[in-house]
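Let me begin by presenting the structure, written as structure tokens, before commenting on it.
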Amino acid sequence: MSKLPGDSIESRVLAIEENIKDSDTWRRLEQVCNVAPETDPAQLSRDEEFWSLIARSIYEPEGPFLNLNHGSINTMPIPVIRAQEAYTRLCNELPGYWFFEGFNTHREKLREKLAALLRTNPEEVSIQRNTSSAMETAIFGIPLSAGDEVILSKQDYPTLVYAWKQREIYDGVKLKWVDVPLPSEDDGELIQPYLEAITEKTRVIQVMEMFNWNGQIVPAEKLRDKIDNDDIALLVDGAHIPGQLPVNLEKAKYTYWGASLHKWISGPVGTGVLSVRKDWISRTKPLFGASDPKSDNIRKYENFGIHNTPKDLALHTAIDLFNLIGEENKRQRLHYLKNYALERLTEIKKVQIKTSLKPQYSCALGMFSIEDIPSEVVGHILFDQHKIYNVAPVWGGLDGVRISPNIYHGTADMDRLVEAVNKIAKA
């Protein structure tokens with residue numbers, strides 16, 4: 001990184017942004033992406049040369065391991081790494097400023113950028129560290145009394161389940177568990193369990209907009225439309241949505257919505273967001289102390305101590321990079337790669353696919369299993385013998401190997417996975 005000009009704090013930040021976008025790496029990406037607006041995203045998703053150029057432009061070589069677990073944490077592109085490094089050096093010159101006043105000064109620009117990404121009002125956007133942080137802020141802040149009912153599924157994310165069980169223990173709320181059929185290609189089948197569980201005592205419905213286990217997309221907006229009681233809060237786990245699917249929170253009007261930005265936006269590790277509908281902010285208490293906990297100011301949810309300012313500043317770069325590649329281009333490519341792998345896995349005897357191939361029900365995440373072989377064993381063999389990194393979750397009745405490729409992968413990488421699974425199935 002070249003020496004940054006200027007003496008003012010603001011000029012230093014602007015200089016870092018300019019240096020990143022004047023770099024050879026960024027310019028190469030711009031040249032590659034110039035062809036994208038003229039090409040149909042579905043057609044572009046199958047263009048191996050285009051995506052290979054993207055990979056070489058902004059990603060470092062993967063090395064001996066094939067990383068098919070981007071669902072947990074995405075690989076950061078080179079410009080995001082360089083931005084975080086530059087901001088870390090800058091903040092280290094004056095840490096007392098940057099981790100207090102500096103964050104307060106620059107977080108409003110980030111809030112506006114996040115609001116644009118999520119298509120919502122900046123005054124409903126809270127900067128968080130991850131989905132669990134965002135969702136648990138809502139879970140522990142929702143006003144509930146003993147006997148109030150909360151509907152959630154047996155397949156919900158573990159940390160959120162544990163949080164609700166704490167409220168059950170300490171506050172006496174009643175948890176009503178539903179079983180969501182996974183996978184499914186029927187909207188009614190996906191939302192009906194929640195609707196059938198509603199009673200006059202229901203106060204909260206928690207739903208995963210995309211199940212992290214097998215990538216199942218749930219039509220959360222259709223569920224919202226079916227709830228005819230304004231006193232029921234709809235808490236939506238959108239952990240995997242940004243970067244995979246278009247987001248329009250202004251239209252969705254969920255009560256609460258939380259997501260991670262170190263997944264499919266490829267932001268720095270430890271970046272997330274919470275959205276709270278404006279009319280619910282004043283009645284939802286903050287998780288950490290705030291000077292006015294009953295206010296309708298979304299910023300009251302951000303008082304969790306020192307923020308990691310360099311990663312928050314570098315998130316700007318990640319969002320700009322995502323926008324440059326194109327929301328629909330990325331969605332189509334991720335869906336194509338996952339389907340490419342699963343379609344070929346279906347041809348292997350004993351392999352069972354546990355994810356829909358339809359775009360309205362899945363995107364980047366896929367799950368499979370091999371008959372008579374525990375998925376955990378399959379996962380270990382893939383990693384130890386074939387150097388393919390994956391996860392093999394067992395939770396809520398699901399048991400399988402999850403794959404989640406990235407845009408820098410190619411069909412040859414998916415062929416490598418298929419070949420390895422074929423060997424395991426035949427062994």
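The values are calculated or read from the model by the stated rules, or taken from the named source; none is laboratory data. Being a predicted model, the structure only gives us computed values, none of them experimental. For neighbour counting, all protein chains shown are included, and Cβ atoms are generated from backbone atoms with ideal geometry for every residue, glycine included.
Results for (1) among the acidic types (Asp, Glu); (2) buried (at least 17 other Cβ atoms within 10 Å of the Cβ); (3) not in a strand (DSSP E or B), shown as yes or no for each residue.
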position	(1), (2), (3)
Asn329	no, yes, yes
Arg333	no, yes, yes
Tyr340	no, yes, yes
Glu343	yes, no, yes
His409	no, yes, yes
Glu419	yes, no, yes
Lys423	no, no, yes
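The sole residue among Ile54, Ile20 that is under 25 Å from the mean Cα position of the chain (by Cα), among the aliphatic types (A, V, I, L, M) and under 21 Å from Lys109 (Cβ atoms) is Ile20. Which ones in region 277-307 are touching a Gly at 6+ places or on another chain (Cβ under 9 Å) and not in a loop (DSSP other than H, G, I, E, B)? Tyr301, the sole residue that qualifies. Scan region 124-147 and tell me whether some residue there is at positive phi and over 25 Å from the mean Cα position of the chain (by Cα). Yes, region 124-147 contains at least one residue that is at positive phi and over 25 Å from the mean Cα position of the chain (by Cα).
Of the residues examined, Asn104 is not one that is among the polar types (S, T, N, Q) and either surrounded by 19 or more Cβ atoms within 10 Å (Cβ to Cβ) or in contact (Cβ under 8 Å) with a residue 12 or more places away in the chain (or both).
Residues that are aliphatic (A, V, I, L, M), closer than 22 Å to Thr75 by Cβ and out of contact with any His (no Cβ under 8 Å at 6 or more places or on another chain) within region 260-280 comprise Leu261, Ile265, Val273, listed in sequence order. Total residues in region 196-248 satisfying the condition of being under 17 Å from the mean Cα position of the chain (by Cα), assigned to a loop (DSSP other than H, G, I, E, B) and among the small types (Gly, Ala, Ser): the figure is 4. In the set (1) polar (S, T, N, Q); (2) surrounded by fewer than 21 Cβ atoms within 10 Å (Cβ to Cβ); (3) touching a residue at least 40 places away in the same chain (Cβ under 8 Å), the condition left unmet by Thr131 is number (2). Only residues that are buried (at least 19 other Cβ atoms within 10 Å of the Cβ) and farther than 16 Å from Ala341 by Cβ: list them for region 357-374, please. Within region 357-374, just Tyr361 meets the criteria. Taken as a whole, region 117-127 holds no residue that is within 22 Å of Gly267 (Cβ to Cβ) and surrounded by fewer than 13 Cβ atoms within 10 Å (Cβ to Cβ). In region 79-189, counting only strands (runs of 3 or more DSSP E) that sit wholly within it, the ones holding 1 or more residues that are in the same structural domain as Lys285 (by TED's automatic domain parsing) and acidic (Asp, Glu) span 149-153. All conditions in (1) part of a loop (DSSP other than H, G, I, E, B); (2) closer than 28 Å to Lys330 by Cα; (3) not charged (D, E, K, R) hold for Leu274, with the sole exception of (1).
Of the residues Asp186, Asp156, the single one that is among the acidic types (Asp, Glu) and in contact (Cβ under 8 Å) with a residue 24 or more places away in the chain is Asp156.
Just to be sure, is Pro193 assigned to a helix (DSSP H, G or I) and surrounded by 15 or more Cβ atoms within 10 Å (Cβ to Cβ)?
For Pro193, the condition - assigned to a helix (DSSP H, G or I) and surrounded by 15 or more Cβ atoms within 10 Å (Cβ to Cβ) - is met.
Looking across Ile306, Ile281, Ile265, Ile298, one residue alone is out of contact with any Pro (no Cβ under 9 Å at 6 or more places or on another chain) and at pLDDT 95 or above. It is Ile281. Answer yes if at least one residue in region 279-293 is under 22 Å from Gln206 (Cβ atoms) and under 21 Å from the mean Cα position of the chain (by Cα), and no otherwise. No: zero hits.
If you go through region 384-407 and keep only what is surrounded by 14 or more Cβ atoms within 10 Å (Cβ to Cβ) and free of Cβ contacts under 8 Å to residues at least 24 places away in the same chain, you end up with just Ala392.
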